[in-house]
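The values are calculated or read from the model by the stated rules, or taken from the named source; none is laboratory data. Because the structure is predicted, anything quoted here is derived from the model rather than measured. All Cβ positions, even for glycine, are placed from backbone atoms using ideal geometry, and neighbour counts span all protein chains on display.
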Amino acid sequence: MSKKRFYLFLLTIGIFIFTFDFLEMRMSNEALFQHLKSNPFGYEATINYHIEDNAQIRYVEIGSDSLPLVVFVHGAPSSSAFWRDFLVDSTLLSNAKLLAVDRPGYGYSNFGRPETSVQRQAELISKVIRSKRKQHQQIIVHGSSYGGTLSARLAMDYPELVDGMLLQSASVAPGKEKTYSISYWTSHWTLSWAVPGALHVANNEKLSHERELNHMQPLWDNIKSATIVLHGLADSLIYPENALFAKEKLVNASFLDVQMLKDRGHDLLWTQPNLLKNSILRLIDITKQKLALRESESNTYE
């Protein structure tokens, strides 16, 4: 092998390794701790794991236990690091304790091992949320994209744990999303070995997603939480029909506001961060009022 070919070979291997590392789309505990130190209140973040059988869920928390809890659920492919700037936001930290999870297969929750059952994902994440219920009478779940799917399933299966829900560009309508041909090609065993872990998990979720959403169809009546739905009318990945589907199905939500955003795509975290934050604050206020009313009625009947 000539020197030129040898160096080209080394460069190719280097790019391959870098791409694999970059496409993991996660942050180590150390890197995440370092970023969260920049919060304006000097809060010390904690990173914990829920472990049962062969499943591991990593989650990060920051803020005061005396405030409502906001749980962030990422899409695919992604991880809790997707929310890192929200986790140090002064307005959010003034009003809530913040918690972000690595969904199964992503981040440091059994990275690279797909869990295509949304019901099983909800079961695992519910254990984390339930462990926080005694400290927080108000729990808001904010799900983005496929994280919105999981958030809806949480509210269906565990309505006692979800007081408010923000569905951001959420995939909830069976078949109403873009599936690229490469998802089929790279899911084949002859190519799947070369796909970075996060993309491998995302491919498996993508190809099973319509089936999982169909399983959820009879359960929408179970959702009682106050809900805000935000969706870009120019979203070419998770189509706007998803928001209309949610509006039709959320008949038992205690509060419902569906906003279709003109000229906005799938990237609302970067293009509409203030709208997302204000929606969270709005849900905190709504659930606070509901809690106060419940307590008032309870005192009346005592």
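Would you mind telling me which numbered condition in (1) modelled with pLDDT under 95; (2) within 24 Å of Arg133 (Cα to Cα) Ala198 fails? Exception for Ala198: condition (2). Within the bounds of segment 95-112, is there any residue that is under 26 Å from Leu256 (Cα atoms), touching a residue at least 60 places away in the same chain (Cβ under 8 Å) and small (Gly, Ala, Ser)? Yes; the residues of segment 95-112 include at least one that is under 26 Å from Leu256 (Cα atoms), touching a residue at least 60 places away in the same chain (Cβ under 8 Å) and small (Gly, Ala, Ser). Against the numbered list (1) at pLDDT 95 or above; (2) loosely packed, with under 11 Cβ neighbours inside 10 Å, Pro68 comes up short only at (2).
Tallying residues that are surrounded by fewer than 24 Cβ atoms within 10 Å (Cβ to Cβ), of a type outside the set (A, V, I, L, M, F, W, C) and in a loop (DSSP other than H, G, I, E, B) within segment 78-115 yields 10.
Counting only residues that are assigned to a helix (DSSP H, G or I), modelled with pLDDT of 95 or more and charged (D, E, K, R), which one in segment 255-302 is nearest to Pro240 (Cα to Cα)? Restricting to residues being assigned to a helix (DSSP H, G or I), modelled with pLDDT of 95 or more and charged (D, E, K, R), the top hit is Lys277.
One residue stands out among those in segment 125-149 that are of a type outside the set (Gly, Ala, Ser) and surrounded by 24 or more Cβ atoms within 10 Å (Cβ to Cβ): the one that is farthest from Ile228 (Cα to Cα), which is Ile125.
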